[in-house]
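The block underneath contains the structure these notes are about, expressed in structure tokens.
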Amino acid sequence: MTRAYYVTTPIYYVNADAHIGHTYTTVLADSLARYHRLRGERTFFLTGSDEHGEKILEVARERGEDPRATAEYFSVRFRKTWEELGIRFDRFIRTTDADHGEVVRRILQRVHDDGHIEFREYEGDYCVGCERFLTDRDLVDGLCRDHERPPERRSEGNYFFKMSEHFEWLAQYITEHPDFIRPERYRNEVLSMLKEDSGLGDLCISRPKARLDWGIELPFDENYVCYVWFDALINYLTAIGYPDGEDFELLWGASEHLIAKDILKPHAVFWPTMLRAIGLDTPHRLNVHGYWNVDGRKVSKSLGNKIDPLIMREQYGFEAFRYYLLRSMSFGVDANFTEESLVTRINADLANNLGNLVSRTLNMTGRFADGRVPAAGEGGEPEQAVRQAFAEAQRSVDACIESMEVHRALEAIFRAVDATNQFLEQREPWKAAKDPARADSVPTTLYTCCEALRITALLLSPFLPETAAEILKRLGLEGALEGMRLPDDAAWGAIPPGNETHKGAPLFPRVEMPEGGA
Ligand code: MSP
């Protein structure tokens, strides 16, 4: 049977531009999708925009325009940003897409017909920032914990999804499937949300049109639109052709949602219970990452510290920023962006470690081997050590991707790069070439380095696709990535001797802290 991999990002609200947080999740999803494509799996990578709801309406009002215009404006900007940054998604879904509207109506009708929905009068504290009624746990000194603003007291007749009927099942499911929500701390958080006294009840899934006329109309009551979260979560089904798309079952069974901790409750409680009512399995896995802070503070509009990925690209190159993001966050734990740590990381890992290996290898291949990959001799222990370092790197990459520890996968690859630099120091081909007693070792040394670079490029390609392609090009393997597969092509010894190599400009020039930086 074909192995499959279906990775999703949250669909982002169209009330502002993409910043460091959205960029992290999207780059992570892109890297995972690239890795699984490299393994020859049927891979689908979904991202998109969440366009309904009051949040968007608020911004549209501020901008003095129709919510359709606001949604269109920001959705197009999100999509273009990802495209410009080389994010290779398979679909960019919009909740205003016609097929999505149809799927949401179909599901609403079905769960309504099956008795999962009930009309009730309801009074509660609503936070527009969260787009939901809050429970006591969400409040700190009367303010919404996340948005630090007072909720609005609201009372209205609404439709409710009888979510709490499924809590017992859900708690048991989570306990029996310890891998469903990871890392563990978030699983425990969800289990405590499901305890009877947590105040989490049924889910209000409608908004009266009189108050909010921006959403998908309920198929069974034209006076209401669908609650934005109920609509948004369903995007994960629409995108892969629910209910009868060709690969729907294969992909759904392999679904991996990526989210940050801010939207744990909708994904870990609303969504699995909705799916149960619809008659579908839970997503395969819910992967929850921490938050990026900037200079030790929460990312916010008012602080103006959002970190625009397009500006990062201009200043440092997007691959360098992408590397920093993936390398600097441990999955599940918050991370802190500072420009200083970005500069340090670029210089240490990319300019010094990787950049040096590339330039030394290709320079010397030019000088001592006529710019062609030499044929290798037997080699000795130092050569063996390099081979082993790469075999080990490959094993770590596989294991770390499986456990979502992408930062450790990168660490492992750079350990092998470092080992190759040390190997060069040991073999000293620049001296050996001039020493008749050692001159024989030079071709083997250079072969080892060229082959190390080929495997480095292959292993790095999911994370740094442009850099990988560039390294391969300089090794005379332009375009080779398309035909490469893991694990087979990571086996040692595949670079063809005789391949023409090219020195090229420094891959990652050293960078300086910008003027006025921290
Ligand atoms: N529209 C909802 C999601 C619906 S999914 C069916 C939403 N949108 S959002 O624009 O607010 O995006 C939230 C997500 O953006 C987070 O879960 C995370 O993936 C990313 N991030 C936004 N800010 C972040 C940080 N400061 N740090 C890390 N990621 C965060 O919620």
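For the reader, a short list of remarks on this structure follows.
- Size descriptors for the stretch 13-141, from the alpha-carbon set: Rg then Dmax equal 18.2, 53 Å.
- For the pair the stretch 308-374 / the stretch 119-195, the C-alpha centres are spaced 42 Å from each other.
- DSSP beta bridges confined to the chain are antiparallel in about 50 percent of cases.
- Length gained when the stretch residue 128-residue 211 is fully extended (0.36 nm per residue, less Cα-Cα span): 28.6 nm
- Among 53-65, 443-455, the order from most to least packed when residues are scored by Cβ within 10 Å on average: 443-455, 53-65
- Annotation: amide H-H contacts under 5 Å for residue 132 (H modelled 1.01 Å from N, sequence separation of 5 or more, or interchain): 127.
- Spin-label model distance (nm) - residue 395 vs residue 415, 7 Å beyond Cα toward Cβ: 1.0
- Surface composition of the stretch 4-289: carbon and sulfur make up 43 percent of the accessible area, probe 1.4 Å.
- Using a Förster distance of 25 Å, the FRET efficiency for residue 439-residue 494 (Cβ separation, nearest 0.05): 0.45
- One decimal place: the segment residue 148-residue 113 gains 8.7 nm when fully extended, by the rule 0.36 nm per residue minus the C-alpha distance.
- Applied to the stretch 479-489, the Karplus parametrisation 6.51 cos²θ - 1.76 cosθ + 1.60 on θ = phi - 60° returns per-residue 3J(HN,Hα) values of x, 5, 4, 3, x, 8, 9, 9, x, 3, 6 Hz, with x for Gly and Pro.
- Panel note: the C-alpha atoms of the stretch 339-490, placed on their principal axes, show extents of 49, 37, 29 Å (largest first).
- Relative to the 2.2 N^0.38 Å rule of thumb, the stretch 403-483 has a C-alpha radius of gyration ratio of 1.28.
- Using θ = phi - 60° and Karplus 6.51 cos²θ - 1.76 cosθ + 1.60, couplings along the stretch 361-375 (whole Hz; Gly, Pro as x): 4, 6, 4, 6, 5, x, 6, 9, 9, 6, x, 10, 4, x, 7
- Long-range amide H partners of residue 224 with built H, under 5 Å: 209, 218
- Difference of contour (0.36 nm per residue) and Cα-Cα distance, residue 403 to residue 295: 36.0 nm
- Karplus-derived 3J(HN,Hα), 6.51/-1.76/1.60, for each residue of the stretch 65-81, Hz, glycine and proline x: 9, 5, x, 4, 5, 4, 4, 4, 4, 6, 4, 4, 5, 4, 4, 5, 4
- Quotient of C-alpha Rg and 2.2 N^0.38 Å, computed over the chain: 1.11
- Cβ-derived FRET efficiency at R0 22 Å, residue 196 paired with residue 162, nearest 0.05: 0.90
- Unit Cα scatterers, Debye sum, the stretch 4-289: log10 I(q)/I(0) for q = 0.08, 0.15, 0.16 Å⁻¹: -0.32, -1.27, -1.48
- Annotation for residue 188 and residue 302: the two label points, set 7 Å from Cα along the Cα-Cβ direction, are 3.2 nm apart.
- Per residue accessible area in Å² of the stretch 339-490, where ligands, DNA and RNA are left out and the probe is 1.4 Å: 41
- Around the amide H of residue 13, modelled in the peptide plane, lie the amide H atoms of 50, all under 5 Å away and 5 or more residues distant in sequence or on another chain.
- Modelled FRET efficiency - R0 56 Å, residue 80 with residue 431, Cβ distances, 0.05 increments: 0.60
- Descending by average beta-carbon neighbour count within 10 Å, the peptides 382-388, 152-158 line up as 382-388, 152-158, the highest first.
The values are calculated or read from the model by the stated rules, or taken from the named source; none is laboratory data. None of these values were measured; they are calculated from a predicted model. For neighbour counting, all protein chains shown are included, and Cβ atoms are generated from backbone atoms with ideal geometry for every residue, glycine included. SASA here: full protein model, heavy atoms, side chains in, ligands and nucleic acids out. Shrake-Rupley method; radii C 1.70, N 1.55, O 1.52, S 1.80 Å.
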